[in-house]
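The values are calculated or read from the model by the stated rules, or taken from the named source; none is laboratory data. Computed from a prediction, not measured in an experiment: that's the story for all the values here. Heads up, the Cβs are rebuilt from the backbone with ideal geometry, glycines too, and the neighbour counts pull from every protein chain shown. All accessible areas refer to the heavy atoms of the entire protein, side chains included, with ligands and DNA or RNA removed. Shrake-Rupley method; radii C 1.70, N 1.55, O 1.52, S 1.80 Å.
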Amino acid sequence: MKKLIIANWKCNPTTLKKAKELFDSVKKITKHLKDTKVVICPPFVYLSELIRTSAKSLGGFVFGSQNCFWEKSGSFTGEISPLMLKNLGCEYVILGHSERRKHLKETGGMINKKLRVALEAGLKPILCIGETKTEKEQGKTKNILKQQLKEFLDNSMAQLVVSEVEPSLNHLILVYEPIWAIGTGDSCNPGQAAEVLSFLKELLSVLLNPEILKNIQILYGGSVNSDNGLNYINTGFDGLLVGAASLTPEFPKLLTKLI
Ligand code: PEP
């Protein structure tokens, strides 16, 4: 399976012109990638135009959105549905990002509903989980990750195993994003991240059947740049979620190392 490098542009840039320039700088490199796929996640407002103008590009990249709603259509002012995104040409959707949990007060239950509908609409969810600095210092990392997975995937571990959602979970991308590492420059030590990776694999192996498990990719995110990115891939992660650095020349530099 190809490694996934996800560019989360967050609420940037502020003009379509800059978004196109940023996309062009990435596109130049992606056409040379063989074993890596780049998922570009711009703000909603740029998706349509970037997808349209990229139709004749050489590839190596696809598009994702940074969020979606938990219904396919209806009276939900201001919301964007997973079906709209799928029909537009989006392949992935980021769900459960800690910034949405913090600033938009998204709960585990909301993320669980979004995940189900995103899967139904045919989007591949990029599900983020991670602990805070305090939780890490209190030695609670594993419990927190287990609890988040339980809430996001279903509301009960037992149910998850037999859940009707399970068959489509093979499109799931799980990202370990320690909250204390996001946007701080304080990236997780690759050795510690690898320990979490083993734990997540073990946890998923109890929850899901091997057929589904073999398709699930686990990524690392949190202050990734061109210097540290490869360390996570070398310790066994299936890719990276890149925030701030995806808006700078750091990103093409990181991708160049993956050619
Ligand atoms: C993120 O957006 O999820 C992220 C990891 O951001 P950054 O790379 O800036 O830490």
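Here are the numbers:
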{"quantity": "Estimated dipole of the stretch 165-259 in Debye, rounded to 20 [Cβ of Lys and Arg +1, of Asp and Glu -1, Cα centre]", "calculated": "200"}
{"quantity": "Qualifying trypsin sites (Lys or Arg not before Pro) for the stretch 12-99 [loop in DSSP, other Cβ within 10 Å: at most 13]", "calculated": "Lys31, Lys34, Lys56"}
{"quantity": "Computed magnitude of the charge dipole of the stretch 20-141 (debye, nearest 20; Cβ of K, R +1, Cβ of D, E -1)", "calculated": "200"}
{"quantity": "Dipole moment magnitude, nearest 20 debye, the stretch 72-140 about Cα centre, only Lys, Arg, Asp, Glu C-beta charged", "calculated": "100"}
{"quantity": "For the stretch 185-234 versus the stretch 106-151, the gap between their alpha-carbon centres in whole angstrom", "calculated": "14"}
{"quantity": "The chain - accessible surface per residue (Å², probe 1.4 Å)", "calculated": "46"}
{"quantity": "Distance (nanometres) between label positions extended 7 Å along Cα→Cβ at His32 and Ser48", "calculated": "3.5"}
{"quantity": "Exposed GluC sites (Glu not before Pro) absent: longest stretch of the chain, with sites in DSSP loops and at most 14 other Cβ within 10 Å deemed exposed", "calculated": "165-259"}
{"quantity": "Solvent-accessible area, 1.4 Å probe, carbon plus sulfur percent, for the chain", "calculated": "53"}
{"quantity": "Amide H contacts of His97 (H built 1.01 Å from N, under 5 Å, at least 5 apart or other chain)", "calculated": "Cys128"}
{"quantity": "Summed side-chain charge close to Ala244 - residues other than Ala244 whose Cβ falls under 9 Å, Lys, Arg +1, Asp, Glu -1", "calculated": "0"}
{"quantity": "Estimated 222 nm signal from helices in the chain, with DSSP H stretches of n ≥ 4 weighted -39500 (n - 2.57), rounded to 500", "calculated": "-12000 deg cm²/dmol"}
{"quantity": "Debye-sum result for the chain in log10 I(q)/I(0), which assumes one identical scatterer on each alpha carbon, at q = 0.10, 0.15 Å⁻¹", "calculated": "-0.46, -1.09"}
